[in-house]
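This structure is in structure tokens; I'll ask about it shortly.
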Amino acid sequence: MLGFLVYLGELGRLVGEVFDSFFNGKIRGRIVLEQLVETGFRSQSVVILTGAFTGAVLAAQALFQFKPLHMETGGGPLVSIAMLRELGPSVTALMLAGRVGAAMAAEIGTMRVTEQIDALRSMGVHPIDYFVTPRFLAMLVAMPLLIAESAAFGIGASLIVGTATFNVNGAYWMYQMNRHTDCTDVSIAMIKGVVFGVLIVIVSCHQGLKAEQGAVGVGRGTTRAMVNSSLAILIVNFFLTMVLNLAFPARAAH
């Protein structure tokens with residue numbers, strides 16, 4: 001228990017150092033753009049595939065259950081709300097924890113054990129300014145956009161499954177979806193995206209900065225970064241879901 005509290009304290013201190021770096025204008029624009037490409041642009045393929053097939057399988061499973069009840073058009077709002085409020089943010093964050101978070105921990109950890117970080121310090125460059133803050137800012141920009149992309153492709157795939165496989169009327173599917181989905185659902189997705197992005201960057205960079213014992217330590221740090229950030233996403237997601245659904249209740253159909 002004490003070790004866990006120490007770990008939370010170290011994460012909180014890292015967050016404070018990142019905000020101090022940001023508000024003091026210690027932002028390296030070139031590195032931010034490089035990380036934005038790495039985090040956002042190069043993650044699009046996996047996010048699109050994950051979102052599309054998540055929406056497709058959710059629609060198929062829902063329609064298999066709804067069809068005997070003649071409620072097929074209910075699949076549209078079910079998928080759109082689920083992708084925006086829950087599955088889009090969660091699945092995208094878990095994929096990025098594996099792809100981006102592990103890469104962050106491995107890169108920073110390798111520089112740590114090869115004493116490149118100490119060399120930067122000797123030249124007057126703070127590791128937080130150089131490594132963590134650019135990744136933090138890039139993730140804040142990329143994560144909401146990737147979640148929007150994942151949800152959009154998931155909803156689009158669900159429409160294809162509903163109309164092509166289950167012969168649901170496309171116009172009525174869209175009507176029902178628009179009737180039950182609004183900007184509140186999008187807002188929840190964006191809020192979750194920002195929180196999950198912060199978790200991935202802070203947990204992963206912390207593991208990289210604490211790496212030791214050569215290649216073995218880097219490997220362990222990379223594994224811990226992926227596992228810890230994934231667990232943090234799942235745990236925080238529950239509490240965010242409870243709070244945000246109370247703050248932004250689902251709109252009544254009209």
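The values are calculated or read from the model by the stated rules, or taken from the named source; none is laboratory data. The shown structure was predicted, so the numbers you read here are calculated from the model rather than taken from an experiment. Here the Cβ is made from the backbone with ideal geometry for all residues, glycine too, and neighbour counts use every protein chain on show.
For every residue, the table says whether it meets (1) touching a helix residue (DSSP H, G or I) at 6+ places or on another chain (Cβ under 8 Å); (2) modelled with pLDDT of 90 or more; (3) over 20 Å from VAL32 (Cβ atoms).
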site	(1), (2), (3)
GLU115	no, no, yes
PHE153	yes, yes, yes
GLY170	yes, no, yes
VAL201	yes, yes, no
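If GLN213 satisfies every condition in (1) in contact with a helix residue (DSSP H, G or I) (Cβ under 9 Å, 6 or more places away or on another chain); (2) without any contact (Cβ under 8 Å) to a residue 24 or more places away in the chain; (3) surrounded by fewer than 16 Cβ atoms within 10 Å (Cβ to Cβ); (4) of a type outside the set (A, V, I, L, M) but one, which is the exception?
So the condition that GLN213 fails would be (2).
Go through the residues of segment 143-154 one by one and say whether even a single one is of a type in the set (D, E, K, R) and over 30 Å from GLU72 (Cα atoms).
no
Any idea which residue in segment 67-80 is farthest from the chain's Cα centre (by Cα), counting only those that are aliphatic (A, V, I, L, M) and in a helix (DSSP H, G or I)?
Step by step, filter segment 67-80, then rank; the result is LEU69.
Restricting to segment 120-167, name every residue that is without any contact (Cβ under 8 Å) to a residue 12 or more places away in the chain and at negative phi.
Those that are without any contact (Cβ under 8 Å) to a residue 12 or more places away in the chain and at negative phi: LEU120, ARG121, SER122, MET123, VAL125, THR163, ALA164.
Same structure again: Within segment 84-98, which residues are polar (S, T, N, Q) and surrounded by fewer than 24 Cβ atoms within 10 Å (Cβ to Cβ)?
Residue satisfying the conditions is SER90 alone.
Hey, any hits in segment 106-128 for a residue that's under 28 Å from THR241 (Cβ atoms) and assigned to a helix (DSSP H, G or I)?
Taking segment 106-128 and keeping what is under 28 Å from THR241 (Cβ atoms), we get none.
No, that holds for no residue.
While we're here: Restricting to segment 190-222, give me the number of residues that are in contact with a Pro (Cβ under 7 Å, 6 or more places away or on another chain) and closer than 16 Å to THR110 by Cα.
Total satisfying the criteria: 1.
Please verify whether segment 99-119 includes one or more residues that are of a type in the set (D, E, K, R), within 22 Å of VAL227 (Cα to Cα), without any contact (Cβ under 8 Å) to a residue 60 or more places away in the chain and surrounded by fewer than 20 Cβ atoms within 10 Å (Cβ to Cβ).
yes
Right, here's the next one. Looking at this structure, is SER204 hydroxyl-bearing (Ser, Thr, Tyr) and farther than 16 Å from MET95 by Cβ?
In short, no.
Every residue in segment 1-47 that is hydroxyl-bearing (Ser, Thr, Tyr), out of contact with any Lys or Arg (no Cβ under 7 Å at 6 or more places or on another chain), surrounded by 13 or more Cβ atoms within 10 Å (Cβ to Cβ) and closer than 23 Å to MET95 by Cα, please.
Of everything in segment 1-47, just one residue is hydroxyl-bearing (Ser, Thr, Tyr), out of contact with any Lys or Arg (no Cβ under 7 Å at 6 or more places or on another chain), surrounded by 13 or more Cβ atoms within 10 Å (Cβ to Cβ) and closer than 23 Å to MET95 by Cα, namely THR39.
Exactly one condition in (1) out of contact with any Asp or Glu (no Cβ under 8 Å at 6 or more places or on another chain); (2) over 18 Å from LYS210 (Cβ atoms); (3) not aliphatic (A, V, I, L, M) is false for THR114; which is it?
Result: THR114 fails condition (2) only.
Residue by residue, here is whether (1) surrounded by 15 or more Cβ atoms within 10 Å (Cβ to Cβ); (2) part of a helix (DSSP H, G or I); (3) among the small types (Gly, Ala, Ser); (4) touching a residue at least 40 places away in the same chain (Cβ under 8 Å) holds:
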| residue | (1), (2), (3), (4) |
| --- | --- |
| LEU49 | no, yes, no, no |
| GLY55 | yes, yes, yes, yes |
| GLN65 | no, yes, no, no |
| ALA82 | yes, yes, yes, no |
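Give segment 14-24 a look and list any residue that's over 16 Å from SER204 (Cβ atoms) and in a helix (DSSP H, G or I), or say none.
The answer is GLY16, PHE19, ASP20, SER21, PHE22, PHE23.
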